[in-house]
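Asker: Here it is, the structure in full.
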Amino acid sequence: MAYRGLSFWIVITLFFCQRLAAQQGVPAAGTVSTVDLDGDGQPDFTEDVTLLPIHLTDTYVFYGLTETDHSILLRNRSDLGNFGKGQSILPSSKSRMGTFNLQYYLARNLPGGWQYLTINSPISWDSFTNVYFGVRLTREDGFHAGWLLLTRPDRATYTPFSITDYGYNPVPGEAIRAGYPPDPPRITTEIVTNGLRLSWSPALTKWNLQSADSLRVPVQWSDLGSGSTNAIIPMEGKTRYFRLMKP
């Protein structure tokens, strides 16, 4: 009786696994999601699924990132698309154009359930559960570096990635580290005859220079103007704080 009971549970377990596989199937074709890195209301990248039926039971599944007319995916090196966390990304990095297929596999619906076969590619993404991609955005003030983080809960061939985090550097031409916010713009100081000279990058001429007497909440910031790369502040014998604010 014990032997029969064990056989019964083995049969049930296999049947249950086949039911789970059969329910996976193939994803729906179309745009999965969009992402707006710079917050201007326009999508910078889309996640898309493309299906290519080749037989009554076989379908090629392509999942990838699609660029827009003002975005480009950047290569880490000529043979790799992804960046390591903390690795510097420059908007001048070598780029790839169009759509980058992060996953492509064959979904085969057989009598015993679904099977998923990875198609050979230069990079085996089946070994990843998270991937950082470098990006370049084109804006009125120049090229901006950014990054996308794509994750998934497991490494199964059919488990799709999704964009779970992203960032970009609002300063044109400057680098950003994958997985981290951009470094704040730097303001250099110099004591001159008529006060304190503040200077910053020419890429920030449209940014507003602001000052506050205290950083105690609520902070009261006052605009000191824009359209320049430096300002001379009179020495008034009191503590003041300064920042550059993107308009």
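Asker: It is to be established whether one or more residues within region 145-155 are out of contact with any Phe, Trp or Tyr (no Cβ under 9 Å at 6 or more places or on another chain), within 25 Å of Val32 (Cβ to Cβ) and not aromatic (Phe, Trp, Tyr). So that I can check it myself, show each step before the final result.
Answerer: Step one: list which residues in region 145-155 are out of contact with any Phe, Trp or Tyr (no Cβ under 9 Å at 6 or more places or on another chain), which gives 153-154.
Within this subset, residues satisfying the condition of being within 25 Å of Val32 (Cβ to Cβ) are 153-154.
Among the residues that remain, those that are also not aromatic (Phe, Trp, Tyr) are: 153-154.
Taking every residue of region 145-155 in turn, at least one turns out to be out of contact with any Phe, Trp or Tyr (no Cβ under 9 Å at 6 or more places or on another chain), within 25 Å of Val32 (Cβ to Cβ) and not aromatic (Phe, Trp, Tyr).
Asker: Confirm whether Thr205 is surrounded by fewer than 11 Cβ atoms within 10 Å (Cβ to Cβ) and either free of Cβ contacts under 8 Å to residues at least 40 places away in the same chain or touching a Pro at 6+ places or on another chain (Cβ under 6 Å) (or both). Even if it seems obvious, please write down each step before you answer.
Answerer: Working: surrounded by fewer than 11 Cβ atoms within 10 Å (Cβ to Cβ): no; either free of Cβ contacts under 8 Å to residues at least 40 places away in the same chain or touching a Pro at 6+ places or on another chain (Cβ under 6 Å) (or both): yes.
No, not satisfied.
Asker: Something else about it: Condition first: surrounded by fewer than 18 Cβ atoms within 10 Å (Cβ to Cβ), modelled with pLDDT of 90 or more and over 16 Å from the mean Cα position of the chain (by Cα). Can you find one or more residues in region 62-75 that meet it?
Answerer: The answer is yes, given that some residue of region 62-75 is surrounded by fewer than 18 Cβ atoms within 10 Å (Cβ to Cβ), modelled with pLDDT of 90 or more and over 16 Å from the mean Cα position of the chain (by Cα).
Asker: Okay, next question. What pairs come up if the first residue lies in region 159-178 and is free of Cβ contacts under 8 Å to residues at least 24 places away in the same chain, the second is of a type in the set (Phe, Trp, Tyr), and their beta carbons are under 9 Å apart, counting only those six or more places apart or on different chains?
Answerer: Here the result reads Asp165/Trp147, each pair linking region 159-178 to a residue that is of a type in the set (Phe, Trp, Tyr).
Asker: Among (1) more than 31 Å from the chain's Cα centre (by Cα); (2) among the aromatic types (Phe, Trp, Tyr); (3) closer than 24 Å to Gly173 by Cβ, where does Tyr241 come up short?
Answerer: So Tyr241 meets the others, but not (3).
Asker: Go through the residues of region 165-180 one by one and say whether even a single one is within 15 Å of the chain's Cα centre (by Cα), of a type in the set (D, E, K, R) and part of a strand (DSSP E or B).
Answerer: Yes, region 165-180 contains at least one residue that is within 15 Å of the chain's Cα centre (by Cα), of a type in the set (D, E, K, R) and part of a strand (DSSP E or B).
Asker: For Leu148, are the conditions met, namely being part of a strand (DSSP E or B), surrounded by 17 or more Cβ atoms within 10 Å (Cβ to Cβ) and touching a residue at least 60 places away in the same chain (Cβ under 8 Å)? Give the derivation first.
Answerer: Values: part of a strand (DSSP E or B): yes; surrounded by 17 or more Cβ atoms within 10 Å (Cβ to Cβ): yes; touching a residue at least 60 places away in the same chain (Cβ under 8 Å): yes.
Here the answer is yes, as Leu148 does meet what is asked.
Asker: Based on what the data block shows, is Phe62 closer than 17 Å to Tyr168 by Cα and either of a type in the set (Phe, Trp, Tyr) or not assigned by TED's automatic domain parsing to the domain that holds Pro172 (or both)?
Answerer: Working: closer than 17 Å to Tyr168 by Cα: no; either of a type in the set (Phe, Trp, Tyr) or not assigned by TED's automatic domain parsing to the domain that holds Pro172 (or both): yes.
Here the answer is no, as Phe62 does not meet what is asked.
Asker: Right, next: Please state which of the following conditions Arg108 fails to meet, knowing it meets all the rest: (1) among the basic types (Lys, Arg); (2) closer than 27 Å to Gly64 by Cα; (3) loosely packed, with under 13 Cβ neighbours inside 10 Å.
Answerer: Failing condition for Arg108: (3).
Asker: Then there is this: For region 183-195, give me each residue that is assigned to a strand (DSSP E or B) and either in contact with a Lys or Arg (Cβ under 9 Å, 6 or more places away or on another chain) or on the phi > 0 side of the Ramachandran plot (or both).
Answerer: Residues satisfying the conditions are Thr188, Thr189, Glu190, Ile191, Gly195.
Asker: Something else: Can you pull out the residues in region 112-145 that are among the aliphatic types (A, V, I, L, M) and assigned to a strand (DSSP E or B)?
Answerer: Leu117, Val131, Val135, Leu137, Ala145
Yes/no matrix, rows are residues, columns are (1) assigned to a strand (DSSP E or B); (2) assigned by TED's automatic domain parsing to the domain that holds Asp165; (3) under 24 Å from Pro91 (Cα atoms); (4) over 31 Å from the mean Cα position of the chain (by Cα):
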residue: Ala203; (1), (2), (3), (4): no, no, yes, no
residue: Lys206; (1), (2), (3), (4): no, no, yes, no
residue: Leu209; (1), (2), (3), (4): yes, no, no, no
residue: Gly225; (1), (2), (3), (4): no, no, no, yes
residue: Gly237; (1), (2), (3), (4): no, no, no, yes
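Asker: Of these, Asp183, Asp154, Asp213, which one is within 21 Å of Ser93 (Cβ to Cβ), surrounded by fewer than 16 Cβ atoms within 10 Å (Cβ to Cβ), without any contact (Cβ under 8 Å) to a residue 60 or more places away in the chain and not hydroxyl-bearing (Ser, Thr, Tyr)? Give the derivation first.
Answerer: Numbers: Asp154 fails: within 21 Å of Ser93 (Cβ to Cβ); Asp213 fails: within 21 Å of Ser93 (Cβ to Cβ).
Answer to the selection: Asp183.
The values are calculated or read from the model by the stated rules, or taken from the named source; none is laboratory data. Values in this document were obtained by computation on a predicted structure and should not be read as measured data. Glycine also receives a Cβ, built like all others from the backbone with ideal geometry; neighbour counts cover every protein chain displayed.
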